[in-house]
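**Student:** My structure is below; once you've seen it, I'll send some questions.
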Amino acid sequence: MQQLLIFDFDGVIIDSGRKIAELLNNMAPDFGLKRVPESELEKFRKFGSRELLKELKVPIYKLPAIMTRLRKELSDEIPNLKLVSGISEILKSLSDKGFRMGIISSNSEMNVKEFLKKNNIDFFDFIEGGNSVFGKHRKIIKIIKKENALKDKCIYIGDETRDIEAARKAGVKVAAVSWGLNSREALEKYQPDWLLENPKNLLLL
């Protein structure tokens, strides 16, 4: 059976980190959140997902409303965002090698499809979108069943510590990329199966 690669979208394929930080800062007064100066963004990449929520003083009960608004505002920015440098060629190479590939994202399915089409990287067999913060493992399990895949033939590729947690809960291997939201230092603590420094490393999976 072919290997199944499941990609996160924001931070792995699309370079959206700074735009998300900008939108969250703009939303901060409405939700009573701590603003993060641009000069401190790199420092915050060292926090794991749960540590980051604590550092920013984000109550768990506010997350659904925050994510809903963030997704809505980010949808307006999708046309202006860029691919992670070098990822397009790598995705094509993986597709040419016969990998089955899909995307699980907290972004909307429509946003993801529009971005893929615009950037000519529609190499994916499925897209699973929708609001999910710490329930991503359920989406991974759902996709594995839907695609009739084997867990030991599946690799989840994400840029956050919560992606590593989700893959572990779903029982699949995980490749963490250090070019997204969380830094290598933060990701390393969660011991992913692979820790990738640049998109070319995806060819080693």
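The values are calculated or read from the model by the stated rules, or taken from the named source; none is laboratory data. Quick caveat, the model's predicted, so the values are computed rather than measured. Note that each Cβ is placed from the backbone with ideal geometry, even for glycine, and that neighbours are counted across all protein chains shown.
**Student:** What are the pairs with Cβ atoms under 8 angstrom where one residue, in region 11-38, is among the charged types (D, E, K, R) and the other, located anywhere, is in a loop (DSSP other than H, G, I, E, B)? Sequence gap at least six, or different chains.
**Tutor:** D15/L81; D15/V84; D15/S85; K19/L81; K34/L56; K34/K57
**Student:** In region 141-152, how many residues are under 17 Å from F124 (Cα atoms) and either aliphatic (A, V, I, L, M) or at pLDDT 95 or above (or both)?
**Tutor:** Total meeting the criteria: 3.
**Student:** Sort out which residues of region 149-205 are within 12 Å of the chain's Cα centre (by Cα) and of a type in the set (F, W, Y), and write them in order of number.
**Tutor:** Those that are within 12 Å of the chain's Cα centre (by Cα) and of a type in the set (F, W, Y): Y156, W179.
**Student:** How many residues, within region 59-73, are surrounded by 13 or more Cβ atoms within 10 Å (Cβ to Cβ) and in contact (Cβ under 8 Å) with a residue 60 or more places away in the chain?
**Tutor:** Total satisfying the criteria: 3.
**Student:** Further question: Determine whether G11 is small (G, A, S), on the phi > 0 side of the Ramachandran plot and in contact with a Pro (Cβ under 9 Å, 6 or more places away or on another chain). Full working, then the answer.
**Tutor:** Working: small (G, A, S): yes; on the phi > 0 side of the Ramachandran plot: yes; in contact with a Pro (Cβ under 9 Å, 6 or more places away or on another chain): no.
Judged against the criteria, G11 is not a match.
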